[in-house]
Structure formats: structure tokens, C-alpha cells
1. Summing -39500 (n - 2.57) over the DSSP H runs of n ≥ 4 in the chain and dividing by its residue number, what mean residue ellipticity at 222 nm do you reach, to the nearest 500 deg cm²/dmol?
2. For the pair R218 and H289, what calculated FRET efficiency results from E = 1/(1 + (r/R0)^6), where r is the Cβ-Cβ distance and R0 = 22 Å, to the nearest 0.05?
3. Estimate the FRET efficiency between R168 and R123 by the formula 1/(1 + (r/R0)^6), using the beta-carbon distance for r and 30 Å for R0, to the nearest 0.05.
4. Pairwise over distinct Cα atoms, reciprocal of the mean inverse distance: report the Kirkwood radius of the chain in Å, one decimal place.
5. Applying the Karplus parametrisation 6.51 cos²θ - 1.76 cosθ + 1.60 with θ = phi - 60° to the phi angles of segment 64-81, what ³J(HN,Hα) value in whole Hz is obtained for each residue in order, glycine and proline being reported as x?
6. Considering amide H positions built from the backbone, and no H for Pro or chain starts, which residues 5 or more places from V120, or on another chain, come under 5 Å of its amide H?
7. Would you please classify the overall shape of segment 53-172 from the alpha carbon gyration tensor, given that a ≥ b ≥ c denote the square roots of the eigenvalues, rounded means a/c under 1.5, and beyond that prolate means a/b larger than b/c while oblate covers the rest?
8. Need the full-extension length gain, E115 to S238, defined as separation in residues times 0.36 nm minus the C-alpha distance. One decimal, nm.
Amino acid sequence: MLAPACAILPTWQVDPVGDTGGVDLLDELRTLITRHAAGQRGHSRRLIEGVQVSRVEEPAGPTAGLLRPSVTIVASGIKQTLLNGVAYEYRAGQFLVTSLDLPVIGQALKASPDEPFVVVSIRLDPVEIAPLLLETPARPPQYGGLVVSNATPEVLDPVVRLLRIIDRPEDVRVLVPGIRREILWRLLTGEQGALVRQIGLADGMLAHISEAIRWIRRHHSEPLLVADLAELAGMSPSTFHRHFRAATSMTPIQFQKQIRMQEARILLRTQALTAAEVSYQVGYTSPAHFTRTYYQAFGRTPGEDRTPS
């Protein structure tokens, strides 16, 4: 079950001076995403490398997944994303920035055939961000796995232009790199610029934490020693622990547990394995401990999620 929403930002509105461009852009964004996501029935559709859209017509139960560094802009509806017990709610005219690979639980809270939940997600690639850092003033570092902001017309405009041309291969080849660069520039110079900047720093704290996260994901079934991860990240154990928690909202052990639970759920739903077999595959030595942890994570026992053999 998802936790109550917290730190909810107000819905983005037009500037009081009367500029209606933002509303027009949001309406067009909704129309473009709806067209590109036609027939997906709640599943995401990849349009080009690093860009995908999704359209959901009814609220669904919580779904566990792994978010990658990206910006997700909502054109219609409301979604809640849960990161280690903290809920982030974002709605039409807002966007979610994800700075690291993070295990989350998501749920569309408001979605209907008349007003579906409609989003576009654009990958935030450190390689694309890094060259732009030379053009932006340095900012005090900002750390955090997820942040929600209001989408200004400056952010919406290049995203709309991207979706207008995305089904024309000749335009995509020539124009998309420049539009992607503009989107990144707007993010870097906007409210969350300090966080987006960290994604592009090759020797920044987020880069070191990302390396540790990649190790945990690849070796989630193995015992985890924080001292070894700290050495991999080039930090003392205490500094690494503090920075890891600041970036992900959880400790390394908690992060590993969530990765294990997500992997276990995939195995239970796709493989003809017993709960005990899955528990050993994801690194647990006690099936009883695994079952308790699984229930705490999903509100269901492994047996309830298991595919019949």
C-alpha cells in the first residue's frame, strides 16, 4: 500500500500576467502523447532512443519498478511514486526528475478514459549533460534521488517540438540532437539545475554513488559490505553511507533489499519456482525471513504472486 502523499507541489498554472502559452503547450503535449501512445493499453511506448510515452485510462494497483535517470513530464492525470516510504505526487503541468537508478513503487492516482494519465519520459544522459556544464554557472551541490517541479513554458516548448517531429525519420536525425540539448539546457538553468548538473559531473558525488548502485544491482544476491562499496566509490565508509542516504533516501542495505524484492517478484511471476527457490536465488538463506520481507514490501505473500507451475 502506498504511503500518504507528502510534499505535494501545487498544480502549475499560467503566469498571472495573462500569458496562455503554457496552457496551450500543455494541451498540445497531451494531444501528441495520446497520438503516439495509441493502442498501448497502459504500457509505455519507446519512440526513439531515450524517449518514451505512456497513456493510462484507469487507476491501477501499485507497481514496483526501477527508475533510471530521467525527466518525466505529466500532461494529464496524477501519479504517486514511493521511494523508501516517502511519496512523491506529481500531476498535469509538473515533472519528476530522477537522478539515479532507483527502486520505486508507482501508481496512477487519477486516470480515466476522459482524462487519462499521460506522460512523456526523457532519459538524462550524463554524456549529453557534461558539455553543457561549461556554459552554466556553478551552483551549490544538490542531492536527492527524486524531485518534483512545475513545468514552465521554457521546458514544455522543446518537448512539444520533439514530439511533433518524432515520427519523421529525416527530421529526427537532424533536429532531435539540438532539441534534446535545449531540453537539458532548460533543466540545467531551471529550478532543479543544481541536481541535473550533478548527473553530468563525471567525478561528482552522484557518479560515485551510481557506480555503487550498479554494483549492488549486478551482485544483489551476494553479501554486501559497506566498506567495500565505499572503497569502490572512493570514500570513507562514513562519508559514503551519508552520501548514499542523501542521494537515495535509504541505506545501502535497504537499497539492496528493495532490489532483491523486485527481482524476486519478477522471478515469481515469470518462472515456475517455489518461494523457497526464489529466496535463495535473490540472496536469502532463510525462506521464512524472505517471506516476511516480501510481505512487508508488497502486502502480499510470495505464494500469492507465484505463477502456477
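Please treat every number below as a calculation from the coordinates, not as lab data. Source: prediction; values computed, not measured. Because the Cβ atoms are built from the backbone with ideal geometry, glycine has one as well, and the counts that use them run over all protein chains shown.
1. -14000 deg cm²/dmol
2. The calculated FRET efficiency here is 0.45.
3. 0.90
4. On the way: mean 1/r = 0.0484 Å⁻¹.
About 20.7 Å, per the Kirkwood formula over Cα pairs.
5. Residue by residue, segment 64-81 yields 7, x, 10, 8, 9, x, 6, 10, 10, 9, 9, 9, 6, x, 9, 10, 10, 10 Hz.
6. Answer set, sorted by chain and number: I73, A75.
7. On the way: a/c = 1.91, a/b = 1.19, b/c = 1.61.
Oblate, since a/c reaches 1.5 and b/c is not below a/b.
8. On the way: separation 123, 0.36 × 123 = 44.28 nm, distance 4.77 nm.
Answer, rounded to one decimal: 39.5 nm.
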